[in-house]
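Below is one structure, written out as structure tokens; the observations come after it.
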Amino acid sequence: MNKRFAIVSATLFILSACTQPLPPIDREALVTRNNPVVERLDTLASLSVGNGRFACTVDATGLQTFPEHYRNGVPLGTQSQWGWHSFANPAYYAFAETLRDYDFGRGHAEPYTVQFDEWGRRQRAANWYRVNPHRLHLGIIGFDSLAPNEIDDIRQKLDLWNGQIDSRFTARGQEVAVTTVCHPEQDMIAADIRTAAALPIVIRFPYPTGQHSDDGCDWTKEWWHRSDLIEKTDGHAVIRRTLDKTVYYVVLDFTGATLAQTGRNRFVLTPKADHYTLEAGFLADMPATPQPTFDATLAAANDYWKNYWKTSAAVDFGDCTDPRARELERRVVLSQYLLGIQCAGDYPPQETGLTYNSWFGKFHMEMLWWHEAQFALWGREHLLARTLEWYASAEPAAREIAERQGFDGIRWMKMTDPSGLEAPSSIGSFLIWQQPHLIYLAELVYRANPSDAFLKKYYDLVQETATFMASFATYDETNDRYTLKGIIPAQETLRPEETVNPPFELAYWHFGLTVAQRWRERIDQPRNPAWDTIITKLSPLAAKDGLYLAAETAEETYSESRFTSDHMAVLGAVGILPASQLVREDWMHETFDWIYNNWNWDQTWGWDYPMTAMNAVRMGEPRKAIDALMMDKRTNTYLTNGHNYQNEQLRCYLPGNGGLLTAVALMCAGWDGCEVETPGFPKDGTWDVRWEGLRPMP
């Protein structure tokens, strides 16, 4: 009797333990165990502080002491969302000169802004508009006259939990301690320096290079710009920067030091004590109020970052036994930080964020989903909502594109700047997969916090975006279907003149129009019957021998190498998107297997791995999802600082970081209607993943 009672009691105890909720994830322990630590002058391990609208990247000294040394690594940038510049236009190039008419069989000419092969004025005009405007490097702040070989004993840590960089090293035999922080609401950095080495700080300003991909610093054009000390009192100075027609201001507040201008664009802060501080604010307009002290900035940053980690989602891989879990966790944590400081502004981010210029500092609208969809899935939808505001300001430019090409609604541009002007491109102007992004992203924000106010705010933009999509779809009377043509698909190896019905774009058109109809129903508007017809009659994805093609017109997809490199965009049709009537699950599974086993993985980009993983999860292949995320390839490399390295030109690539977080959200929280718990991880005991607060994907 006693034995039976003991067995029953033990069983009840075990069952009770199994039904008890797990303790919450220790957020601070999760975050801090992934703090990056730097112990040498590693040019690919520079660290950044920022607030989503402004960021500053420093070397191992905690300042920007060696910008030339780091130039070909992860550069020491100081960039903001508002800091842009244009070179003079003495030839008076007009945007209309960048346009070329195309005939894609829709009964009217379609002018696209392109790069011209033929030498002449139109090519020069297109080149000018491609370069201008470009993003500015706002200024370098570092120790003066210090050489890389003069520092030793480096011990630098990015304290993710508090949003600060603590740097320790010896310079010329003297110990130096630097704490660097960015204010969460103002475009300013603050530094606290403690050393007996009497190290002056130099503040210097470059002229922009206007190059495709670099740090934006031309130090040879000293007389092409100027820095005027327009205000100076004890411990305070205001510098007015003038570059052609661009003007901005730098506010310096300091203790324990004196400031002197030592060149046209150079200032030196000389310490008077072993402890000195500097606050440097960067403003588009003349400052109107005093800026916070170092202590106030540090406190504000610490509060902001603790709240950032505490109030959003978390994924803990600490109990996993798969040897890759530790590295996956590091990537996930660091990606959250990088996207929070680089990609949470009022404008869409460039692909290298606020670190250095790529594509002249302009942003690519097809990448916005990759940068920022994760915010809504990880409980930070307010950051995504902040960026979505830009769409309203760019609406007139987007409407003009649709009108001049003969379509209804608004056509969202690919490569642009805060003004919304479309940059000339031999590829970008023909892309369309950025078009439904607004609908998808607005839907994610709404799902996170449903409200009538948000619906009303974005209703017109969603409807006008869908109006273009319906207008762009071409009716094929012979086959009683709608097609997509005259485009370069997300897999950028196809040509617009010969491409019909790329698979991801077809599926995205179906999804976008379906969601736009749902928005109509939410505000008690009737469904648009014309859109329902298009949804019903969109062409199914084209296949050959049970494998989906890169386009209906790309029948040699699996025998020509140009189709099996770049992006395997077909996988986005089920992964990024939910399955639809356009897709056969068995054929998609066969297509995934072929791509997984045969793709030219050395010719891919950072977001291709999470895209593959998302497809694998929806296909019921969790082990291959992890294999895709952790594939040992150059473009799937994540540096010490968490940046996704691509190549010598793109040493950081934030769409990869954003894609990783989106994929992990899907792997944990699944999607609408998913009945498998944590569907992206094998159930063999090696992936005991704990997660909180993630939201399912559509």
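Restricting attention to segment 136-163, the residues being assigned to a strand (DSSP E or B) and either without any contact (Cβ under 8 Å) to a residue 40 or more places away in the chain or within 17 Å of residue 76 (Cβ to Cβ) (or both) number 10. Do we have residue 635 as out of contact with any helix residue (DSSP H, G or I) (no Cβ under 6 Å at 6 or more places or on another chain), under 26 Å from residue 70 (Cβ atoms) and either in a helix (DSSP H, G or I) or of a type outside the set (S, T, N, Q) (or both) here? In short, yes.
From the set of residues in segment 623-651 that are basic (Lys, Arg) and under 22 Å from residue 214 (Cβ atoms), which is surrounded by the most Cβ atoms within 10 Å (Cβ to Cβ)?
To start, the set of residues in segment 623-651 that are basic (Lys, Arg) comprises 623-624, 633-634, 651.
Pick out the ones that are also under 22 Å from residue 214 (Cβ atoms) and you get 634, 651.
Working: 634: 12, 651: 24.
Selected residue: 651.
Only a single criterion out of (1) open to solvent by 10 Å² or more (accessible area, probe 1.4 Å); (2) in a helix (DSSP H, G or I); (3) under 22 Å from residue 413 (Cβ atoms) is not satisfied by residue 504, namely (1).
Given the condition over 22 Å from residue 354 (Cβ atoms) and not in a loop (DSSP other than H, G, I, E, B), answer yes or no: does some residue in segment 373-387 qualify? Reasoning before the result, please.
Step one: filter segment 373-387 for residues over 22 Å from residue 354 (Cβ atoms), giving 377, 379.
Of the ones still in play, those that are also not in a loop (DSSP other than H, G, I, E, B) are 377.
Yes - at least one qualifying residue is present in segment 373-387.
Looking across segment 396-437 at every residue that is hydroxyl-bearing (Ser, Thr, Tyr) and surrounded by fewer than 18 Cβ atoms within 10 Å (Cβ to Cβ), the one that is farthest from residue 135 (Cα to Cα) is identified as 426. Within segment 441-486, the set of residues being open to solvent by less than 30 Å² (accessible area, probe 1.4 Å), closer than 20 Å to residue 407 by Cβ and aromatic (Phe, Trp, Tyr) comprises 468, 472. Restricted to segment 210-243, and to residues that are farther than 25 Å from residue 285 by Cβ and in contact (Cβ under 8 Å) with a residue 60 or more places away in the chain, which residue is surrounded by the most Cβ atoms within 10 Å (Cβ to Cβ)? Checked segment 210-243; the qualifying residue surrounded by the most Cβ atoms within 10 Å (Cβ to Cβ) is 215. In segment 191-202, the residues that are over 12 Å from residue 144 (Cα atoms) and in contact (Cβ under 8 Å) with a residue 40 or more places away in the chain reach residues that are crowded, with 17+ Cβ neighbours inside 10 Å and among the charged types (D, E, K, R) with C-beta atoms within less than 9 angstrom, at least six apart or across chains, in these pairs: 191/279.
Could you please let me know if residue 601 is crowded, with 20+ Cβ neighbours inside 10 Å and not aliphatic (A, V, I, L, M)? Reasoning before the result, please.
Values: crowded, with 20+ Cβ neighbours inside 10 Å: yes; not aliphatic (A, V, I, L, M): yes.
The answer is yes for residue 601.
Listed by first and then second residue, the pairs with beta-carbon distance under 6 Å, at least 6 apart or on different chains, first residue in segment 291-304 and at pLDDT 95 or above and aromatic (Phe, Trp, Tyr), second open to solvent by less than 30 Å² (accessible area, probe 1.4 Å) and assigned to a loop (DSSP other than H, G, I, E, B), are 304/184. Condition check for residue 179 on (1) touching a Lys or Arg at 6+ places or on another chain (Cβ under 9 Å); (2) under 17 Å from residue 256 (Cβ atoms); (3) surrounded by 21 or more Cβ atoms within 10 Å (Cβ to Cβ): one failure, at (3). Based on this model, can you work out whether residue 384 counts as buried (at least 21 other Cβ atoms within 10 Å of the Cβ) and farther than 30 Å from residue 451 by Cβ? Taking the combined requirement at face value, the residue does not satisfy it.
Residue count for segment 541-579 satisfying the condition of being part of a loop (DSSP other than H, G, I, E, B) and closer than 18 Å to residue 603 by Cα: 10. Pairs meeting the criteria (first residue in segment 87-98 and more than 20 Å from residue 112 (Cα to Cα), second residue loosely packed, with under 11 Cβ neighbours inside 10 Å and among the polar types (S, T, N, Q), beta carbons under 7 Å, at least 6 apart or on different chains) are lacking. Every condition in (1) open to solvent by 70 Å² or more (accessible area, probe 1.4 Å); (2) assigned to a strand (DSSP E or B) is met by residue 295 except one, and the failing one is (2).
Can you tell me which residue within segment 255-292, out of those that are open to solvent by 60 Å² or more (accessible area, probe 1.4 Å) and part of a loop (DSSP other than H, G, I, E, B), is nearest to residue 219 (Cα to Cα)? Among them, the one singled out is 264.
The values are calculated or read from the model by the stated rules, or taken from the named source; none is laboratory data. Just so we're clear, the structure is a prediction, and the values are computed from it rather than from any experiment. Don't worry about glycine lacking a Cβ; one is built from the backbone with ideal geometry, like all the others, and counts go over all protein chains shown. Accessible surface areas use protein heavy atoms only, side chains included; no ligands, DNA or RNA. Shrake-Rupley method; radii C 1.70, N 1.55, O 1.52, S 1.80 Å.
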